[in-house]
């Protein structure tokens, strides 16, 4: 099975909110388009420090990250980021580490997207192709 990579638009959600309130010109909202790796084995999302800096994101605390080899490390966690892919968007914080953008399960769940590993692509949940539906209990 191959690796899934996808174009993702990242926006500083604080900037976006300020622009929506008319307190920041829309052209000053910091955003980037990046190619991200879909990491179905990860729960959360990861942004490298250079992406965090380009977006002007705040570092709002620390979290313990556990790597695949079992190591644990304290890493920074960002303020809110707007993630947009396949016509869907959601807000999420991200861990600050590594050298590429990794999209984990929480975003996939919130956007109701499924990994088609054999086809090396993300697809909307076929039961809900038009918009994400979140399960609540």
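Within segment 28-52, restricting attention to residues that are in contact with a helix residue (DSSP H, G or I) (Cβ under 9 Å, 6 or more places away or on another chain) and either over 19 Å from residue 73 (Cβ atoms) or part of a helix (DSSP H, G or I) (or both), the residue that is modelled with the lowest pLDDT is 40. Being in contact with a strand residue (DSSP E or B) (Cβ under 7 Å, 6 or more places away or on another chain) and under 30 Å from residue 126 (Cβ atoms) is a condition met by at least one residue of segment 58-80. Could you say whether any residue in segment 111-132 is within 12 Å of the chain's Cα centre (by Cα) and either modelled with pLDDT of 95 or more or over 17 Å from residue 34 (Cα atoms) (or both)? Looking through segment 111-132, at least one residue is within 12 Å of the chain's Cα centre (by Cα) and either modelled with pLDDT of 95 or more or over 17 Å from residue 34 (Cα atoms) (or both). Inspect all residues belonging to segment 89-98 and state whether any of them is out of contact with any strand residue (DSSP E or B) (no Cβ under 7 Å at 6 or more places or on another chain), surrounded by 15 or more Cβ atoms within 10 Å (Cβ to Cβ) and modelled with pLDDT of 95 or more. Checked against the condition, which is being out of contact with any strand residue (DSSP E or B) (no Cβ under 7 Å at 6 or more places or on another chain), surrounded by 15 or more Cβ atoms within 10 Å (Cβ to Cβ) and modelled with pLDDT of 95 or more, segment 89-98 yields no hits at all.
Given the criteria more than 14 Å from the chain's Cα centre (by Cα), part of a loop (DSSP other than H, G, I, E, B) and exposed (fewer than 13 other Cβ atoms within 10 Å of the Cβ), does residue 61 qualify? No. Considering (1) at pLDDT below 95; (2) in a strand (DSSP E or B), the lone condition that residue 3 does not fulfil carries the number (2).
Grab the strands (runs of 3 or more DSSP E) fully contained in segment 69-137, keeping just those with 3 or more residues being under 25 Å from residue 50 (Cα atoms). Please lay out each step first, then the result.
On the way: elements: 72-78, 81-85, 88-92, 113-116, 121-124.
Qualifying strands (runs of 3 or more DSSP E): 72-78, 81-85, 88-92.
Residues that are in contact (Cβ under 8 Å) with a residue 60 or more places away in the chain and out of contact with any strand residue (DSSP E or B) (no Cβ under 8 Å at 6 or more places or on another chain) within segment 99-113 comprise just one, 105.
The values are calculated or read from the model by the stated rules, or taken from the named source; none is laboratory data. Note that the structure is a prediction, hence the values are computed from the model and not measured. Glycine gets a Cβ as well: all are built from the backbone with ideal geometry, and neighbour counts include every protein chain shown.
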